[in-house]
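*Asks:* My questions will all concern the structure given below.
The values are calculated or read from the model by the stated rules, or taken from the named source; none is laboratory data. If you're wondering where the values come from, they're calculated on a predicted model, not measured in any experiment. With ideal geometry, Cβ positions are generated from the backbone for all residues, glycine too; neighbour counts draw on all protein chains shown.
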Amino acid sequence: MKISISQAFKSFGSQVVFENMNFEIKDKEKIALIGRNGSGKTTLLNVLSNQEYLDQGNRHVANNLQIGFLEQISIDNPQQTIDQWVQTLFVEITDIEQQIKQLSQQAAQQEPVALKQLGDLMDRFEQLGGYHLETEINTLLTKFGFSIADRQRSIEELSGGERTRLAFVMVLAQKPDILLLDEPTNHLDISTIEWLEGYLKRYNAAVVVTSHDRLFLDRVCDTVVELENQQAYRFNGNYSMYIKDKEVRQSRQITAYSQQQKEIQRLQALIDKYRAKASKASFAKSKQKYLDRMDKVDQPDKDIRPFVARFVPKVKGGKQVLT
C-alpha cells in the first residue's frame, strides 16, 4: 500500500468535507477520483500531496515515496528559457554526471578509491534515470507540443495552457511513485490526450486522476473512488462499469425506499387512528415503537451522472501552475 488515510475529518468553517472517511492507494493502481463539485476531490489531492492537513485522522505514507502533483510546479526565474529551466530540474543528475567525468580519469589509473566511488555514482546515476533522461524529456516536450524553437522561449512568454503542459513534462519525467492529476486533459488537444492515455495506462506506478472526460477515465483507470456524503466509496472497474453498477444500486434503492415509505404511511395511519382510543392505545404504542426503531432507507439521489465530455479547447488560457 502506497498511501492510506483513515478516520479522516476535514472541514472548512461549517462545511464538512470528510467525516470518518477512509481512502487508500495501492501499488500500480489507476484511480478515477469522482464526485460532484464541492465533494472534496481537490482537497483530497492536497491532503495526499501534503499541501493540506486533516483536522482529525491519520495519513500513512510508505517510506521514500515520491509523489508527483501537477499543481505543485513552480519556478524561481521566469526569464529562463524552457531548455534552461529543464536543466535546473535535475540538479543531482547533472552533478553526478560531472563527478563521473572527473572520476573516470582517476579510475583510468586503476585507483581503488576512485573505482569504488565511480561505481557508486554510476549506480546512482542509473537509479535516477540519468542514461535516458535527455531522450525522455525530448520525447515528452515533443508530445506536449513544444518544438525545438519553442524551447528557446522564456517561461514568462508562455500562456497558462502552455505552462500547464510544461508542468506535465516535469511531473512525468520525474517518474514518481504516485501521480496526482487534477483535470489533466485541460489544455491538451485530442492527439496529446490519446498519447497520454496510453502513457498512463502503461505507467508502472500508481495514478490518481480527476477528470470530466469519461473516455479518458475509461481508458486509463481500473478503479473508481467516488466522494459522496463526506465518504469515499471504492469500486473495482472503470468509470462506465461503475455508472452501470450505480444505476442498478440506485434502482434497488428507489424500490426499497418507495416500499418503505408506503409501509411508514400505513403504520402512521394506524397510529393516528388508534392512539386516542383507550382500548387500542397499547396497540398504537407498539406500532409507534416499531416505527421509531425501523432502519430507514435513505432517499435516493435522482441525479447520479456527473457531466462528462471530450472536446478540443478553442482558446488558449487557464490557470497558471508555473509561477
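*Asks:* Quick check, is Glu226 modelled with pLDDT of 90 or more and either among the small types (Gly, Ala, Ser) or over 28 Å from Asn22 (Cβ atoms) (or both)? Explain how you work it out, then say what you get.
*Replies:* Numbers: modelled with pLDDT of 90 or more: yes; either among the small types (Gly, Ala, Ser) or over 28 Å from Asn22 (Cβ atoms) (or both): no.
Considered against the rule, which asks whether it is modelled with pLDDT of 90 or more and either among the small types (Gly, Ala, Ser) or over 28 Å from Asn22 (Cβ atoms) (or both), Glu226 comes out as no.
*Asks:* Give me a count of the residues in the stretch 101-127 that are of a type in the set (A, V, I, L, M, F, W, C), over 43 Å from the mean Cα position of the chain (by Cα) and either under 21 Å from Phe90 (Cβ atoms) or at pLDDT 70 or above (or both). Break it down stepwise before answering.
*Replies:* First, the residues of the stretch 101-127 that are of a type in the set (A, V, I, L, M, F, W, C): 103, 107-108, 113-115, 118, 121-122, 125.
Narrowing further to those that are over 43 Å from the mean Cα position of the chain (by Cα): 107-108, 113-115.
After this cut, where a residue has to be either under 21 Å from Phe90 (Cβ atoms) or at pLDDT 70 or above (or both) as well, the list is 115.
Here the count works out to 1.
*Asks:* Assess whether Ile5 counts as being farther than 23 Å from Leu133 by Cβ, in the same structural domain as Glu226 (by the TED database), touching a Ser or Thr at 6+ places or on another chain (Cβ under 8 Å) and of a type in the set (A, V, I, L, M).
*Replies:* No: the conditions fail for Ile5.
*Asks:* So, one more: In the stretch 117-131, what residues are touching a helix residue (DSSP H, G or I) at 6+ places or on another chain (Cβ under 7 Å), more than 23 Å from Val171 (Cα to Cα) and not aliphatic (A, V, I, L, M)?
*Replies:* Scanning the stretch 117-131 gives a single hit, Gln117.
*Asks:* List the pairs whose first member sits in the stretch 264-278 and is of a type in the set (Phe, Trp, Tyr), whose second member is modelled with pLDDT under 85, and whose Cβ atoms are under 7 Å apart, counting only residues at least 6 apart or on separate chains?
*Replies:* The qualifying pairs are Tyr274/Lys280.
*Asks:* Ile93: farther than 23 Å from Met170 by Cα, modelled with pLDDT of 75 or more and hydrophobic (A, V, I, L, M, F, W, C), yes or no?
*Replies:* Numbers: farther than 23 Å from Met170 by Cα: no; modelled with pLDDT of 75 or more: yes; hydrophobic (A, V, I, L, M, F, W, C): yes.
Answer is no for this residue.
*Asks:* Answer with yes or no whether Glu226 is buried (at least 19 other Cβ atoms within 10 Å of the Cβ) and more than 23 Å from Leu133 (Cβ to Cβ).
*Replies:* On the way: buried (at least 19 other Cβ atoms within 10 Å of the Cβ): yes; more than 23 Å from Leu133 (Cβ to Cβ): yes.
So Glu226 fits the description; yes.
*Asks:* Suppose the filter is at positive phi and either modelled with pLDDT of 85 or more or not assigned by the TED database to the domain that holds Leu33 (or both); does Lys143 pass it? Before the answer, list the steps.
*Replies:* Numbers: at positive phi: no; either modelled with pLDDT of 85 or more or not assigned by the TED database to the domain that holds Leu33 (or both): yes.
In short, no.
*Asks:* Let me ask you something else. Which numbered condition trips up Asn37, out of (1) assigned to a loop (DSSP other than H, G, I, E, B); (2) within 27 Å of Leu217 (Cα to Cα); (3) touching a residue at least 12 places away in the same chain (Cβ under 8 Å)?
*Replies:* (3)
*Asks:* Being assigned by the TED database to the domain that holds Thr42 and farther than 27 Å from Asn50 by Cβ is the filter here, so list the residues in the stretch 146-187 that pass it.
*Replies:* Within the stretch 146-187, no residue meets the criteria.
*Asks:* Sticking with this structure for a sec: Can you pull out every residue in the stretch 16-31 that is more than 19 Å from Ser211 (Cα to Cα) and either of a type outside the set (D, E, K, R) or in contact with a helix residue (DSSP H, G or I) (Cβ under 6 Å, 6 or more places away or on another chain) (or both)?
*Replies:* Matches in the stretch 16-31: Val16, Val17, Phe18, Asn20, Met21, Asn22.
*Asks:* So, in the stretch 157-196, how many residues would count as being touching a residue at least 40 places away in the same chain (Cβ under 8 Å) and on the phi > 0 side of the Ramachandran plot?
*Replies:* Residues meeting the conditions: 2.
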